[in-house]
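Here is the structure we will look at.
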Amino acid sequence: MQNLLIIENLEVHYYTRAGTIKAVDRVSLSIKKGETLGLIGESGSGKSTLGLSILKLVPLPGRIVGGKLLFNGKDLVKLDNKHMRKFRGRRISMVFQDPMTSLNPLMRIGEHLIETIKTHKKVTQKEAEERMALLLNEVGIPFERSKDYPHQFSGGMRQRVGIALAIALNPDLLIADEFTSSLDVIVQFQILNLMKKLKTSYQMGMILISHDISLVAEIADKIALMYAGQIVEFAQAKVFFEKHLHPYSEGLLNSVPNIQLSDQKLSYIPGMPPDLTHPPRGCRFHPRCPYATDICREKEPPLIEVETEHMVKCFRYELRK
Amino acid sequence: MIELEVVNLKKYFPVQKSFLERIFSRRIEYVQAVNNISFKVNKGEVFGLVGESGCGKTTTGRLITRLIEPTEGKIFFKEKEVTFLQGEELRKFRKAVQIIFQNPYASLNPRMKIGYSVGHPLEIHRIATGERKKKIVLEMLEKVGLEPADNFYNAYPYELSGGQRQRAAIARAMILNPELVVADEPISMIDVSLRAKILELMLKLKDEKNLTYVFITHDLAVAKYISNWIGIMYLGEIVEVGRKEEIFSNPQHPYTKALLSAIPVPDPARRRKDLTLKGEVSSSINPPSGCRFHPRCSFATDKCQISKPPLRLVGKDHKAACHLC
């Protein structure tokens, strides 16, 4: 399959008074057409910044300072705002965490969709309305509710509107940042099923950004785990959960309670994530790593491809290769 | 031995109305946050109170700790009624019953040093002051893993991470040697890799001091990990309660079953099929008649719309409120 998006050595820095925060530090990733990538990491790992930077929406004082974003072969980093606008929504779209803040409280739900469609496509009002009805049906909102305002919707229904807006223009790539984090489990599951359905019917590439490993396990084809601004492990979902190699992956998976297991022994990762203005020397995970050796404290490990499509940023696997 | 017993507890909050609505309508509406719940908590055990947002679990926690007054019902602590305690008696009760809040960014005063916040209960309850107080606080900080304790004693909350703040909040709750601790979503604001550490700390303190916990959470997987008993709440009511093993191996209420099947599992090999449960939680201002769960229940019959099912025994140490169980 063809690569839809290739991220090469992307660097995003925030220039704050306290210093430069390297939120995304030389990240490389690729997504194929129709593929779902789960981007996981703890808060502050840079996963949201990475998601925003694909749309070049990183808020100031953040800036993309290096690397490439090759979308269907075209480098988005080089595009100015005017040209970028042709990609936003139409080719790449986004579902945000809290749909309440991304919807206009003074606009009816239907109007949101019609406006989006009419802004980007040359269609008549009637055609836009038809498309709107189709989209509402697709995400499971009864058509009668298109005349309602956002405040009349529950959290789950609002997220459905957010998803309808994101797929309104048939994008090739959908980025969803913590799209179920503000929802309760049952509603979360409904939305997740909706995403699964859309994934197959629209053949979109998807990047699901989440801190919830269990949730991502439900839907992702591939998993990328971020730590302190860097990808530490990248693999097929099945491989990641069964044969993960990075000590951070191991620690994280062992700290998540699993409802299927009885008498589970949880462990935790000592210490805490580093301050990104002064990240540790060498491997960024070494202060918390049980296997750290002298070389980890000195040199930064490369991202090693241990098998096809299984990369890990750790010295322990260099020899195996 | 029963440490805490709640009998037919109710809490209704009046709905705020605008000026005009108040003039033209006499009817006062209520949010039925907690509606007639009863449960018991054994000494030295963890009772996990689980439910979705808005189900009344936090209100229940605040009622138990007497932070708010119940509309109806009774609360017993050590077989003594505490529902209407006042003055000196209430103060004694509060010494024995402490609470840990969800948000450690809001529960610590940003202008007080950690040492002061943690030691303040000792002054309020006239247990220790000055050097003696400091000694107790330092010991407590060490116990919750805030080491070196001297540094943390003089730190302000902004200097601490979320996990460290929650440890400080736990230290403050534990400093009076309470017997019952209500923990309201204590790990939901904490980074994933540090959550297990807080849970471990809470279990360690419990074993050391033979504490009893009411652990409020929306996360069944966490409840399964930490609790001995589980109570499942839906729209202000307890729909199922029982020993953890019973609830997980033999769930009876359709809501519990739906909840269990909706929990994501960190294993792509176990992806689940579609779920039977449709729709969203009904309003607690005008809750559905009969069984409050009936509009979403795929097994609902006519009876469920009319009469409310009582919470009754369905197995050993296991109760459920459903006509069909």
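Each reported figure results from applying straightforward, stated rules to the coordinates on display, with no laboratory input. A quick note: this is a predicted structure, and the numbers were derived from the prediction, not measured. Positions of Cβ are generated from backbone atoms using ideal geometry, with glycine treated the same way; all protein chains shown enter the neighbour counts.
Against chain A, whose longest principal axis is taken from its Cα atoms, helix A:125-139 shows a tilt of about 50°.
Sum up the charges of everything whose Cβ sits under 11 Å from the Cβ of B:Arg165, counting Lys and Arg as +1 and Asp and Glu as -1, but leave B:Arg165 out. Write out the running numbers ahead of the final one.
Working: positive: B:Arg167, B:Arg172; negative: B:Glu159.
Net local charge, B:Arg165 excluded: +1.
Pairs of C-alpha atoms in region A:32-187 farther apart than 21 Å represent 50 percent of all such pairs.
Extension gain, B:Phe76 to B:Glu139, is 19.5 nm, computed as 0.36 nm per intervening residue step minus the present C-alpha separation. Measuring between their Cα centroids, region A:105-173 and region A:219-293 lie 38 Å from each other.
Give me D for region B:234-325 in µm² s⁻¹, whole number, from Stokes-Einstein with Rh from the Kirkwood sum over alpha-carbon pairs, 20 °C and 1.002 mPa s. Intermediate results must be reported in sequence, preceding the final value.
Working: Rh = 14.2 Å.
Answer, rounded: 151 µm²/s.
Separation of the alpha carbons by more than 18 angstrom is noted, of A:Lys118/A:Lys197; A:Lys86/A:Lys222; B:Lys209/B:Lys319; B:Lys224/B:Lys257; A:Lys265/B:Lys244; B:Lys113/B:Lys197, for A:Lys118/A:Lys197; A:Lys86/A:Lys222; B:Lys209/B:Lys319; B:Lys113/B:Lys197. Each principal axis of the Cα cloud of chain A was evaluated for its coordinate range; sorted largest first, these ranges are 67, 51, 42 Å. Contact order, relative form, for region B:1-40: 62 percent (alpha carbon pairs under 8 Å, 6 or more residues apart, mean separation divided by residue count). In degrees from 0 to 90, rounded to the nearest 10, what is the angle of the helix A:155-167 Cα long axis to the longest principal axis of chain A? So the inclination is approximately 90 degrees. Which residues among region B:26-59 fall inside the zone where the amide N is under 11 Å from a point 7 Å beyond the Cα of B:Ser249, along Cα→Cβ? Once the point is set 7 Å along Cα→Cβ of B:Ser249, nothing inside region B:26-59 turns out to lie under 11 Å by backbone N.
Put one equal scatterer on each alpha carbon of region A:41-126, apply the Debye formula with no solvent term, and list log10 I(q)/I(0) at q = 0.12, 0.20, 0.25 1/Å to two decimals. Debye intensities relative to I(0), on a log10 scale: -0.49, -1.11, -1.33. Neighbours of B:Cys325, meaning other residues whose beta-carbon lies under 10 angstrom from its beta-carbon, give a summed charge of +1 when Lys and Arg score +1 and Asp and Glu score -1. A convex hull fitted around the alpha carbon atoms of region B:100-223 yields 99 Å³ per residue. Each 10 Å bin from 0 upward holds the following percent of the Cα-Cα pairs of region A:167-321: 9, 33, 34, 19, 5, 0. As a ratio to 2.2 N^0.38 Å, the alpha-carbon radius of gyration computed for chain B takes the value 1.07. Site pair A:Gln264 and A:Glu309 shows an inter-label distance of 2.7 nm when each label is modelled 7 Å from Cα along Cα→Cβ. Close amide H pairs (under 5 Å, H built 1.01 Å from N) link A:Ile209 with A:Leu39, A:Ala176, A:Asp177, A:Glu178, A:Phe179, residues at least 5 positions away or on another chain.
For the pairs A:Lys32/A:Lys147; B:Lys57/B:Lys316; A:Lys22/B:Lys143; B:Lys11/B:Lys92, note any where the Cα-Cα span goes beyond 30 Å. Could you put the intermediate results ahead of the total?
Working: A:Lys32/A:Lys147 38 Å; B:Lys57/B:Lys316 24 Å; A:Lys22/B:Lys143 35 Å; B:Lys11/B:Lys92 24 Å.
Check vs 30 Å cut-off fails for A:Lys32/A:Lys147; A:Lys22/B:Lys143.
Here the relative contact order of region B:65-122, from alpha carbon pairs under 8 Å that lie six or more residues apart, stands at 23 percent.
Quick test of the membrane-span-like rule: which DSSP H helices of chain B reach at least 24 Å along their long axis (C-alpha atoms) with mean Kyte hydropathy at least -0.5? Intermediate results must be reported in sequence, preceding the final value.
Details: long enough: B:192-209 (27 Å, 0.00).
Those that clear 24 Å and a mean of -0.5 are B:192-209.
Seen against the Cα atoms of chain A and their longest principal axis, helix A:109-120 is set at about 80 degrees. Take every DSSP beta bridge whose two residues both sit in the protein assembly as shown; close to 60 percent of them are antiparallel.
Taking the Cα centre as origin and putting +1 on Lys and Arg beta-carbons and -1 on Asp and Glu beta-carbons, what dipole magnitude results for region B:1-78, to the nearest 20 debye? All intermediate terms of the calculation are to be shown ahead of the outcome.
Working: 13 positive and 8 negative charges, 46 e Å.
Computed about the Cα centre, the dipole is about 220 debye.
Amide H to amide H, with H built 1.01 Å from N, B:Glu3 comes under 5 Å of B:Val41, B:Asn42, B:Lys43, counting only residues 5 or more places away or on other chains. The value for region B:1-78 of Rg(Cα) / (2.2 N^0.38 Å) is 1.35.
Overall dimensions of the protein assembly as shown, expressed as equivalent-ellipsoid semi-axes from the Cα gyration tensor (√(5λ), whole Å, largest first), are 42, 34, 23.
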